[in-house]
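These notes are about the structure you will find just below.
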Amino acid sequence: MRGEETGQTYILTPITPEQLVPLDHPIRAIRAIVDEALGQLSPTFDAMYSKLGRPSIPPEHLLKGSLLIALYSIRSERQFCERLQYDLLFKWFLGLNIIDAAFNASTFSKNRERLLDLDVSRRFFAAVLSEARRRQLLSEDHFTVDGTLLEAWASMKSVRAKDGSGPPRLPGKNPTVRYEGEQRRNETHASTTDPDARLAKKARGQASKLSYGGHVLMENRNGLVVDVAITHATGRSEREAALLMLDRSVRRRRVTLGADKGYDALDFVKACRARRVTPHVAQLANSQRRSMIDGRVTSHPGYARSQRLRKRVEEIFGWIKTIGGGRKLRYIGLARNQLWAELATAAYNLVRIVKLSPAQALP
């Protein structure tokens, strides 16, 4: 018999979002880790706000919302706030009731400076990493480093000469720009939309795009992100960021560092050895320049293992770009994109921790 449509009516029910989220849903294990990490940051949150005035949106909601944006590939903060109004899983993750209204999307931008001033995203990333360390999921001896280009939130039409020369800008919202006969370089040109972005390309013959350099330091045991950095896209940024992340994230020395051929440079190999880090760098197969890695390194069985495991770092970049929204960055400036990168890689680590701890995934 054909069923008939019934009109929607108001009902009084004792149901809460807690009862509607399946008990075996992996988001439950993620929320448990997130709540523990945010609890450690409570003193930092107290320092962010004045004791007087109207209460603001809790910073815990902003961080949890940023994680959901990465985990569920949400296009923007505005779209997240629209979905928060009706998505009961999102309300449960933030600790809201069914009838609680979603906050305005401008709350993210208004509070972002507070998060930047106290380095909250970095502290949260470290708290998630501490949980992975507590579960003995991290290697303290073997690491991999790699970098990629992340397209900036700026149009190529915004690239103008720094000295003000060049053809005048035509009126209109999306004017036609002609580049014939104009050589645009980072030394002489910059984007008026995002001055921190740089013209860069992945290989010869490809078109240059306004980009940032994205770099991660991965431990080799389970492929978790140990550190992340967003830098200007320059020819030396990968090696410079690798040394920066080594200095601030690797606790002990006598460790190995796997990397691709882009790191087979004399200054980088020397800098690693000065830090008592063994560079397991892929050797250049180029007749014009010999490799800086010799048989003392390549003959060791650990070198072949590092070269095999270092390819796992591409999974991190793949997740960040396809799931975490990093194919084209949403923010302007190094600081804001660094905040996004730390929260996105924290979300990646949360997913990995839950997958690697099946016995602890259920409540």
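The values are calculated or read from the model by the stated rules, or taken from the named source; none is laboratory data. Owing to the predicted nature of the structure, the values given are computational and were not obtained by experimental measurement. A quick note on method: Cβ atoms are made from the backbone with ideal geometry, for glycine too, and the neighbour counts reach across all protein chains shown.
Working only within the range 149-193, note down all residues that are touching a Leu at 6+ places or on another chain (Cβ under 7 Å), under 13 Å from Lys209 (Cβ atoms) and in a loop (DSSP other than H, G, I, E, B).
Scanning the range 149-193 gives Ala152, Trp153, Ala154, Arg184, Asn186.
Are any residues in the range 10-62 of a type in the set (Ser, Thr, Tyr) and within 23 Å of Thr107 (Cβ to Cβ), and if so, which ones?
Quick first cut of the range 10-62, residues of a type in the set (Ser, Thr, Tyr) only: 10, 13, 16, 42, 44, 49-50, 56.
Once the filter is applied, which keeps residues that are of a type in the set (Ser, Thr, Tyr) and within 23 Å of Thr107 (Cβ to Cβ), the range 10-62 yields Ser42, Thr44, Tyr49, Ser50, Ser56.
Residues that are surrounded by fewer than 21 Cβ atoms within 10 Å (Cβ to Cβ), over 30 Å from Arg252 (Cβ atoms) and either in the same structural domain as Leu244 (by TED's automatic domain parsing) or touching a Leu at 6+ places or on another chain (Cβ under 8 Å) (or both): does the range 127-139 have at least one?
No: zero hits.
Just to be sure, is Ser139 in contact with a strand residue (DSSP E or B) (Cβ under 6 Å, 6 or more places away or on another chain), touching a residue at least 12 places away in the same chain (Cβ under 8 Å) and more than 30 Å from Ala203 (Cβ to Cβ)? Give the derivation first.
Working: in contact with a strand residue (DSSP E or B) (Cβ under 6 Å, 6 or more places away or on another chain): yes; touching a residue at least 12 places away in the same chain (Cβ under 8 Å): yes; more than 30 Å from Ala203 (Cβ to Cβ): yes.
Here the answer is yes, as Ser139 does meet what is asked.
Given the residues Ala344, Ala304, Ala335, which is the only one that is in contact with a Gly (Cβ under 6 Å, 6 or more places away or on another chain) and not in a loop (DSSP other than H, G, I, E, B)?
Matching residue, one of Ala344, Ala304, Ala335: Ala344.
Scan the range 86-106 and tell me whether some residue there is within 30 Å of Thr193 (Cα to Cα), touching a residue at least 60 places away in the same chain (Cβ under 8 Å) and not assigned by TED's automatic domain parsing to the domain that holds Asp264. Walk me through how you get there before you give the answer.
Going residue by residue through the range 86-106, those that are within 30 Å of Thr193 (Cα to Cα) are 103-106.
Retained after the next criterion (residues that are touching a residue at least 60 places away in the same chain (Cβ under 8 Å)): none.
Checked the range 86-106: no residue is within 30 Å of Thr193 (Cα to Cα), touching a residue at least 60 places away in the same chain (Cβ under 8 Å) and not assigned by TED's automatic domain parsing to the domain that holds Asp264.
Going through Asp35, Asp46, Asp24 one at a time, which residue ends up being acidic (Asp, Glu), in a helix (DSSP H, G or I) and more than 28 Å from Gly326 (Cα to Cα)? Spell out how you get there, then give the answer.
Details: Asp35 fails: more than 28 Å from Gly326 (Cα to Cα); Asp24 fails: in a helix (DSSP H, G or I).
After applying the criteria, what remains is Asp46.
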